[in-house]
1. How large is the accessible surface per residue of segment 237-280, computed with a 1.4 Å probe and reported in Å² as a whole number?
2. If you count, for each residue, the other Cβ atoms within 10 Å and average over each peptide, how do 459-470, 220-231 line up from highest to lowest?
3. How do 330, 71, 572 rank by accessible surface area computed with a 1.4 Å probe, from largest to smallest?
4. Top to bottom by accessible area (1.4 Å), largest first, where do 303, 171 land?
5. Relative contact order (percent) for segment 261-323, with alpha-carbon contacts under 8 angstrom and 6 or more residues of separation?
6. Quick check: convex hull of the Cα atoms in segment 193-333, volume per residue, rounded to a whole Å³?
7. Given the convex hull over the Cα atoms of segment 1-74, what projected area results after averaging over all orientations, in nm²?
8. So, by mean Cβ neighbours within 10 angstrom, what's the order for 33-39, 290-296 with the highest one leading?
Amino acid sequence: MPTIENLIKKVKEYSPSVNEALIRKAYEVAEKAHRNERRASGEPFIIHPLSVAESLAEFKMDEASICAALLHDVVEDTPESIDRIKSEFGDEIAMLVDGVTKITTLKSKSREEYQTESLRKMLFATAKDIRVIIIKLLDKLHNMKTLEFLPKEKQLRISKEVMDVYAPIAYRLGIEKIKNQLEDLAFKYLEPEKFNEIEEKIKKNKRAREEQIEKLREFLEDTLKEHKIPCKVVGRLKNIYSIYKKMVRKERTFEEIFDVVALRVVTDTPDNCYKVIGIIHGMWKPIPRRFKDFIAMPKVNMYQSLHDVVIGEGGTIIEIQVRTEEMDKLAEEGIAAHWKYKGLETDKKFDKKLSWLKEIMDWQQDASAKEFVESLEIDFFKDEIYVFTPKGDVIELPKGSTPIDFAYSIHSGIGDHSIGAKVNGTFVSLRHELRTGDVVEIMTSKTQKPSVGWMKIVKTAKALSKIKKYLYEEEKLPTRGAKKIERQDLPVSGGQGILLIEGVKNPKIKLAKCCNPLPGQEIIGYADKIRGVVIHKADCSNSKLKDTQKRKVKVHWKSDFSAFIELKVEALDRVGLLADILNTIAATGTNLDTANAKMLGKDMSECTFKIKVEDLDHIRNLIERIKKLKDIKKIYIGKLGV
Ligand code: MN
């Protein structure tokens with residue numbers, strides 16, 4: 001049974017100078033407010049907030065979080081108002097309590113709407129303060145642990161919500177510890193038969209299994225230490241729900257999943273992580289394509305680790321994770337691991353990654369941008385796959401991508417002529433779905449051409465736009481908007497563009513990278529048969545050197561048009577950057593289609609916006625306004641007429 005004394009003892013272990021009186025006061029207010037309440041189990045209600053506060057202490061959360069956890073049901077269930085908490089405990093604690101309360105009191109509408117909305121609001125709260133979400137997750141976890149006392153109908157409703165909303169959030173925040181527990185508890189109520197079946201089988205095989213794991217564990221640890229690698233090897237037992245998911249996803253039996261031995265090596269440096277893999281490959285045979293490098297390519301929730309699968313003596317399949325102590329802590333506690341006791345050093349890299357999340361959430365407050373946010377959310381959390389070229393270069397693609405996507409991501413010439421692919425040495429069709437780790441080699445033929453059917457089987461925007469572009473040019477697709485193209489008035493890319501080129505039919509237009517001409521600036525164009533027309537700024541010295549051999553053509557910006565263009569902005573990365581640019585785009589009444597951001601090296605980020613501009617003044621005005629924002633380094637047009 002949790003007690004206030006125990007809680008204080010726990011907090012003092014990691015924070016000796018904590019304001020003990022404040023925690024006691026929070027406890028007293030909560031105890032008094034809940035005095036006449038009992039939980040469904042018959043226990044005094046105060047047990048619940050005390051348990052939540054204790055589990056927060058396990059994550060070494062700060063004193064404001066601990067107090068807020070004690071008070072988290074006071075406003076919701078009793079007449080205590082948030083103002084009283086504010087006057088007695090200050091703004092910070094009141095803000096946390098208010099955040100948790102708001103999530104709790106969301107009224108359910110239709111099922112789906114409810115979930116999406118509550119998910120949104122939770123993410124919202126995260127952006128304001130990550131502690132709110134950690135308190136809420138641990139609140140849910142304690143409720144799940146005592147769910148047996150509730151009526152069946154409520155059990156199912158709460159479990160479904162936990163499975164659909166809270167466990168994924170724990171996963172996204174990288175808090176594996178909470179995620180696994182939430183999943184198993186929810187699974188137990190949602191699929192009791194399947195849960196029991198797996199649990200029984202685990203129990204039955206447990207002894208033999210543990211002996212086998214221990215033997216391998218010891219052997220691996222000794223071997224690594226002989227190689228002078230400081231490390232700890234632990235055996236891992238998978239959570240019940242993850243075994244179930246694997247059985248379903250991979251269509252395997254329990255035995256096939258369970259017989260896999262899972263070991264984790266925790267060492268000191270990333271360097272040694274790779275050395276460990278080398279040593280393991282020296283004694284156990286690796287299964288091709290099962291090695292995954294999440295150190296070089298961390299998951300979106302910042303998880304880092306090397307994953308590998310090898311075959312040990314007697315054909316035992318061994319799954320291995322190798323990571324540093326720091327990565328291990330992050331994997332288990334995720335965001336909570338970074339929320340060290342207030343005032344301690346913060347992790348710069350982490351802050352930076354989180355800043356993107358925060359911006360997206362801030363932006364969400366603007367209801368008019370709702371639609372846009374949806375696309376952004378998908379982009380931000382989308383599942384990626386990593387495949388390899390025959391030379392070993394890594395290509396990142398969205399899940400579900402095909403060889404055509406791969407081909408276009410290499411070069412549009414390869415994309416246009418691809419007839420099939422070899423994946424891991426085996427011929428596959430262009431529809432084949434690629435998976436992480438695949439080595440992809442594209443087969444091409446000069447006579448091959450993109451077809452309308454390809455548009456349905458590609459996943460990347462790049463492939464789709466290249467295919468469309470080809471089809472428009474060949475007039476296999478009706479052009480969008482523009483009807484007849486005048487010979488002397490040739491817009492770009494099938495009728496949408498902002499440049500006029502005189503005397504060239506269907507020109508391929510490129511803006512020169514050396515000078516990045518912007519709309520409204522004086523420009524000149526050089527035409528050649530292979531590359532089409534390249535546009536330079538009139539005063540670009542580079543153009544004079546390189547392009548003198550080519551035919552000069554007259555080009556000018558159209559003053560009146562309506563076209564999609566791709567605007568690229570390079571800037572020093574900072575909190576609020578994306579939001580600032582998005583707000584500027586919105587303020588100029590610009591129609592935004594997609595937005596993407598990626599890091600360029602350590603401090604720079606590159607934001608790409610596909611926008612619809614209405615005329616020359618519009619785009620000039622927009623560019624001028626973005627230029628004036630803080631930390632903007634470079635702004636240019638990526639593609640015309642996308
Ligand atoms: Mn609660």
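1. Heavy-atom SASA per residue in segment 237-280 reads 48 Å².
2. The peptides rank, most packed first, as 459-470, 220-231.
3. 572, 330, 71
4. 171, 303
5. Contact order relative to length: 43 percent.
6. Value for segment 193-333: 121 Å³ per residue.
7. 4.4 nm²
8. 290-296, 33-39
The values are calculated or read from the model by the stated rules, or taken from the named source; none is laboratory data. The structure displayed is predicted, hence computed values, not measured ones. Don't worry about glycine lacking a Cβ; one is built from the backbone with ideal geometry, like all the others, and counts go over all protein chains shown. Ligands, DNA and RNA are stripped out before the accessible areas are found, and what is left, the full protein with its side chains, is counted by its heavy atoms. Shrake-Rupley method; radii C 1.70, N 1.55, O 1.52, S 1.80 Å.
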